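The values are calculated or read from the model by the stated rules, or taken from the named source; none is laboratory data. These numbers were taken from a predicted model, which means no experiment stands behind them. Neighbour counts are summed over all protein chains in view; Cβ atoms, including those assigned to glycine, are modelled from backbone coordinates with ideal geometry. Side chains included, ligands, DNA and RNA excluded: accessible areas come from the protein's heavy atoms. Shrake-Rupley method; radii C 1.70, N 1.55, O 1.52, S 1.80 Å.
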Amino acid sequence: MEYLGELILIAVGAAIINNFVLYSFVGICPFIGVSRRVDTAFGMGCAVTFVITIAALLSWTFTYYILRPGAPLTAWVWHLVNPDAKGAVDLTILSYIVYIFVIASSVQLVEMYVRKFFPPLYKSFGVFLPLITTNCAILFACLEIMKHVAGASDPSKVWDLGRSLTLAIFGGVGFTIAIVIMAGIRQDLDNCDVPKALRGAGITLIVAGILSLAFMGFAGVNTQLVVLMGGAK
Amino acid sequence: MAKDGPTSAERFIRGILPENPVYRQLLGMCPTLAVTSGMKTAMTMAGAVAFVMICANIITSIIRNLLRPHLRILVFTLTIATFVTIADRFLAAKLYEMSKQLGPYVPLIIVNCIIICRCEVCASKQSVLTAASDAVGQSMGFAVALATIASVREILGAGTWFDIRILPDNWPNWGIMVLPPGAFLTLGILLGAANWIGSARAKRTARSGCS
């Protein structure tokens with residue numbers, strides 16, 4: 001029950017309260033570039049959610065077993081090479097290089113796999129896949145997971161795979177929500193007389209500011225949720 | 001390199017205003033929005049980006065003849081990731097408070113499109129000197145953009161500039177300006193202003209060209 005409650009808090013936090021786009025400012029480039037029409041925006045959102053989940057799965061595995069201080073696999077190898085060594089090996093300094101490598105290669109693999117086995121799916125979001133490598137949202141999710149796996153002082157607070165995947169999936173869902181709302185607004189904006197200088201990115205950013213203002217209203221939902229779950233128990 | 005194009009000096013000037021990475025090319029939006037709640041964080045970020053961009057451009061330019069076309073993006077990102085790790089460790093060692101404030105946005109420099117774009121467009125085709133001056137110009141342009149946004153946000157939001165009080169004490173702080181929505185609004189309005197100035201200037205030169 002407690003574990004489930006924590007998952008719900010992580011999910012709500014990632015998707016709505018600390019929305020990736022409107023609160024943490026990651027993934028702004030596709031948010032501005034691919035939010036012209038609702039269907040392409042939705043496709044982009046799905047592609048990001050898909051890749052973010054796979055990248056989170058891989059980066060959690062790497063962080064947990066290899067990179068974090070005292071990780072089992074590294075410790076084992078280190079012990080083989082250097083039997084009398086003491087202390088834990090800390091490879092977190094390599095994490096950025098490992099993550100970017102994981103993201104770039106997983107995007108490539110996903111693209112090839114989807115093209116081979118799910119041609120209709122490839123047609124619907126294949127074009128967005130290469131763009132995703134440089135999407136900060138993916139790396140941001142990996143870094144958040146790393147913060148909770150390698151940075152946790154207390155061993156019982158180290159995130160397991162379930163929590164990491166929840167963060168990743170709902171972060172992607174939050175991105176999809178934001179980009180679809182944005183695309184809906186922009187479709188209606190086509191009928192408006194926007195000042196010439198603001199057309200394109202300018203008005204999009206201003207609308208995003210107002211959306212972000214609206215999403216600030218969700219702050220405090222998490223404390224209320226804790227109260228609710230405490231009451232239910 | 002026998003490619004006709006702007007010289008090193010022209011590339012340097014061009015990066016600052018006419019091809020400003022933020023206002024003209026709309027690249028590198030994430031750090032632009034995230035770190036501009038105050039001048040100090042903005043300038044630290046600009047410094048880190050400048051370091052990474054110059055080093056990555058020089059390295060890319062040195063190895064440009066060894067690059068294979070289908071692997072180049074991967075090589076660029078790995079080069080950038082190396083220098084970002086250096087910058088991140090340096091910040092954590094020397095400016096610990098600042099590095100905590102910047103949080104994940106220092107590692108996110110890796111996926112900053114400005115740097116990858118400059119590696120791809122300029123450094124992978126030009127000599128080391130040209131690539132370096134291009135990187136310096138672009139990072140100056142980035143710093144100028146960050147400074148304008150951060151000034152507006154910090155002065156309106158907190159009444160201070162570089163933590164120095166410049167507005168009278170009875171100024172009501174626009175708290176929203178230092179929060180996420182303020183970033184979007186400021187950048188949107190400044191972008192509009194930049195476009196407006198740009199189109200006004202283009203009109204003026206066109207008119208003087210006719211007469």
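Run through every distinct alpha carbon pair of the stretch B:106-169 and return the Kirkwood hydrodynamic radius in angstroms, one decimal place.
Numbers: mean 1/r = 0.0715 Å⁻¹.
That comes to 14.0 Å for the stretch B:106-169.
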Using alpha-carbon positions, what is the distance between the centroids of the stretch A:1-23 and the stretch B:144-211, in Å?
34 Å
Considering just Cα atoms, how many Å³ per residue does the convex hull of the stretch B:80-211 enclose?
177 Å³
How about residue A:157: which lysines have a C-alpha closer than 20 Å to its C-alpha, ignoring those fewer than 8 places off in the same chain?
A:147
Nearest-10 value in Å² for the accessible area of residue B:161, using the 1.4 Å probe
90 Å²
Lysines with Cα under 17 Å of residue B:40, excluding same-chain neighbours fewer than 8 positions away
B:94, B:100
Bin by bin, in steps of 10 Å, what percent of the Cα pairs in the stretch A:103-233 do you find, going until the bin that has the longest distance?
9, 23, 33, 24, 10, 1
Carbon-plus-sulfur fraction of the accessible area of chain A, 1.4 Å probe, in percent?
69 percent
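When ranked by the protection proxy of mean other Cβ atoms within 10 Å per residue, highest first, what sequence do the peptides A:176-187, B:137-148 form? Kindly include the intermediate steps, with their values, before the conclusion.
Numbers: A:176-187: 19.6, B:137-148: 22.8.
Descending mean neighbour count gives B:137-148, A:176-187.
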Keeping all protein chains in the complex and leaving out DNA, RNA and ligands, what accessible area do you get for residue A:188 with a 1.4 Å probe, in Å² to the nearest 10?
100 Å²
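Under the rule a/c < 1.5 gives rounded, and otherwise a/b versus b/c splits prolate from oblate, where does the stretch B:8-150 land using the Cα gyration tensor?
Numbers: a/c = 1.99, a/b = 1.32, b/c = 1.51.
The shape class here is oblate.
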Hey, can you rank A:50-56, A:6-12 by average C-beta count inside 10 Å, highest first?
A:50-56, A:6-12
For the interface of chains B and A, what total accessible area is buried with a 1.4 Å probe, rounded to the nearest 100 Å²?
3000 Å²
To the nearest 0.05, how large is the calculated FRET efficiency for residue A:76 and residue B:171 if R₀ is 45 Å and r is the Cβ-Cβ distance?
0.15
Where does each of A:106-116, B:106-116 land if you order them by average Cβ count within 10 Å, highest first?
B:106-116, A:106-116
Taking chain A and counting helices only, DSSP H stretches of n ≥ 4 at -39,500 (n - 2.57) each over all residues, the nearest-500 ellipticity at 222 nm comes to -22000 deg cm²/dmol
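Return the calculated 222 nm mean residue ellipticity for chain B, to the nearest 500 deg cm²/dmol, obtained by summing -39500 (n - 2.57) across DSSP H runs with n ≥ 4 and dividing by the residue count. Mind dumping the intermediate values first?
Details: 9 runs with 141 residues, N = 211.
Computed mean residue ellipticity for chain B: -22000 deg cm²/dmol.
Can you give the Rg/Rh ratio of the stretch A:1-84, where Rg is from the C-alpha atoms and Rh is the Kirkwood radius?
1.17
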Choice from B:157, B:175, B:47 showing the highest fluctuation, given a GNM over chain B with Cα pairs closer than 10 Å:
B:175
Shielding of A:27-40 by other chains, given as the mean Cβ count within 10 Å, works out to 2
If the elastic network links every pair of Cα atoms under 10 Å, which of B:200, B:131, B:42 fluctuates the most in the Gaussian network model of chain B?
B:200
Taking residue A:123 as the anchor, which aspartates and glutamates have their alpha carbon closer than 20 Å to its alpha carbon, excluding any fewer than eight residues away along the same chain?
A:39, A:111
Per residue of A:67-80, how many C-beta atoms from partner chains lie within 10 Å of its own C-beta, taken as a mean?
0
Highest GNM mean-square fluctuation, chain A, Cα pairs closer than 10 Å: which of A:162, A:27, A:13?
A:162
Treating each Cα of chain A as an identical point scatterer and ignoring solvent, apply the Debye formula and state log10 I(q)/I(0) at q = 0.08, 0.10, 0.11, 0.17 Å⁻¹.
-0.36, -0.55, -0.65, -1.22
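Any idea of the accessible area per residue across the protein assembly as shown, 1.4 Å probe, to the nearest Å²? List each step's numbers first, then the result.
On the way: 21360 Å² over 444 residues.
For the protein assembly as shown, the per-residue accessible area is 48 Å².
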Ratio to report: Rg/Rh of the protein assembly as shown, with Cα atoms as the point set and Rh obtained by the Kirkwood method; give two decimals.
0.98
Cβ neighbours within 10 Å from other chains - mean over B:177-183:
5
